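Engineer: Once you've had a glance at the structure underneath, I'll fire off some questions.
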């Protein structure tokens with residue numbers, strides 16, 4: 001197994017993981033799919049005030065949904081960009097080194113943001129500032145290659161969305 005095989009397997013694993021999260025988030029649409037809040041008799045067959053679901057109203061994961069979705073998209077675009085950079089580096093193109101390093105840093109920080117947003121961590125605000133900085137650096141490097149490489153353009157565009165969402169926490 002060579003380095004390219006390992007990268008392909010790792011990329012596919014990450015993509016599958018993030019894709020399943022994105023699919024789950026995308027399927028959470030509209031009020032018709034929401035569970036009635038605890039204490040409401042909406043949906044109750046007896047008309048009593050007993051909750052239908054003891055976990056109704058527990059939507060902690062929705063607090064930072066836009067940030068989480070932007071970060072997940074950025075991670076997918078970043079994985080594709082990094083794989084492309086590594087292919088180019090393997091072929092001897094060293095002009096892409098800065099891009100690869102910036103994407104690697106961005107991916108590390110975006111992974112942290114995903115975990116902190118999911119748990120509504122009190123550290124999310126500080127981490128969001130770091131994430132925005134890493135995404136600005138990544139975007140600056142990707143913009144240098146965006147006209148020539150679609151992967152770099154997609155990564156830069158995804159970083160823009162994360163910067164916008166992360167700045168809302170400031």
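The values are calculated or read from the model by the stated rules, or taken from the named source; none is laboratory data. In this text the structure is predicted, and so the values were computed from the model without any measurement. Here the Cβ is made from the backbone with ideal geometry for all residues, glycine too, and neighbour counts use every protein chain on show.
Engineer: Could you list, in sequence order, the residues of the stretch 137-156 that are crowded, with 16+ Cβ neighbours inside 10 Å and more than 16 Å from residue 84 (Cα to Cα)?
Structural biologist: Of everything in the stretch 137-156, just one residue is crowded, with 16+ Cβ neighbours inside 10 Å and more than 16 Å from residue 84 (Cα to Cα), namely 137.
Engineer: Sticking with this structure for a sec: Do we find that residue 113 is closer than 22 Å to residue 65 by Cβ, touching a helix residue (DSSP H, G or I) at 6+ places or on another chain (Cβ under 7 Å) and buried (at least 23 other Cβ atoms within 10 Å of the Cβ) in this structure? Give the derivation first.
Structural biologist: Values: closer than 22 Å to residue 65 by Cβ: yes; touching a helix residue (DSSP H, G or I) at 6+ places or on another chain (Cβ under 7 Å): yes; buried (at least 23 other Cβ atoms within 10 Å of the Cβ): yes.
So residue 113 passes the test.
Engineer: Take residue 73 and decide whether it is assigned to a loop (DSSP other than H, G, I, E, B) and at pLDDT 55 or above.
Structural biologist: Details: assigned to a loop (DSSP other than H, G, I, E, B): no; at pLDDT 55 or above: yes.
Judged against the criteria, residue 73 is not a match.
Engineer: Out of all the residues in the stretch 134-160, which are assigned to a helix (DSSP H, G or I) and without any contact (Cβ under 8 Å) to a residue 12 or more places away in the chain?
Structural biologist: As a first pass, look at the stretch 134-160 and keep what is assigned to a helix (DSSP H, G or I): 134-145, 150-160.
Those that are assigned to a helix (DSSP H, G or I) and without any contact (Cβ under 8 Å) to a residue 12 or more places away in the chain: 150, 153.
Engineer: Within the stretch 120-129, can you find the residues that are loosely packed, with under 15 Cβ neighbours inside 10 Å and in contact (Cβ under 8 Å) with a residue 12 or more places away in the chain?
Structural biologist: Our first condition is that a residue be loosely packed, with under 15 Cβ neighbours inside 10 Å; within the stretch 120-129, this holds for 120, 122-123, 125-126, 129.
Those that are loosely packed, with under 15 Cβ neighbours inside 10 Å and in contact (Cβ under 8 Å) with a residue 12 or more places away in the chain: 120, 125, 129.
Engineer: Just one of the numbered conditions (1) part of a loop (DSSP other than H, G, I, E, B); (2) exposed (fewer than 14 other Cβ atoms within 10 Å of the Cβ) is not true of residue 108; which one?
Structural biologist: (1)
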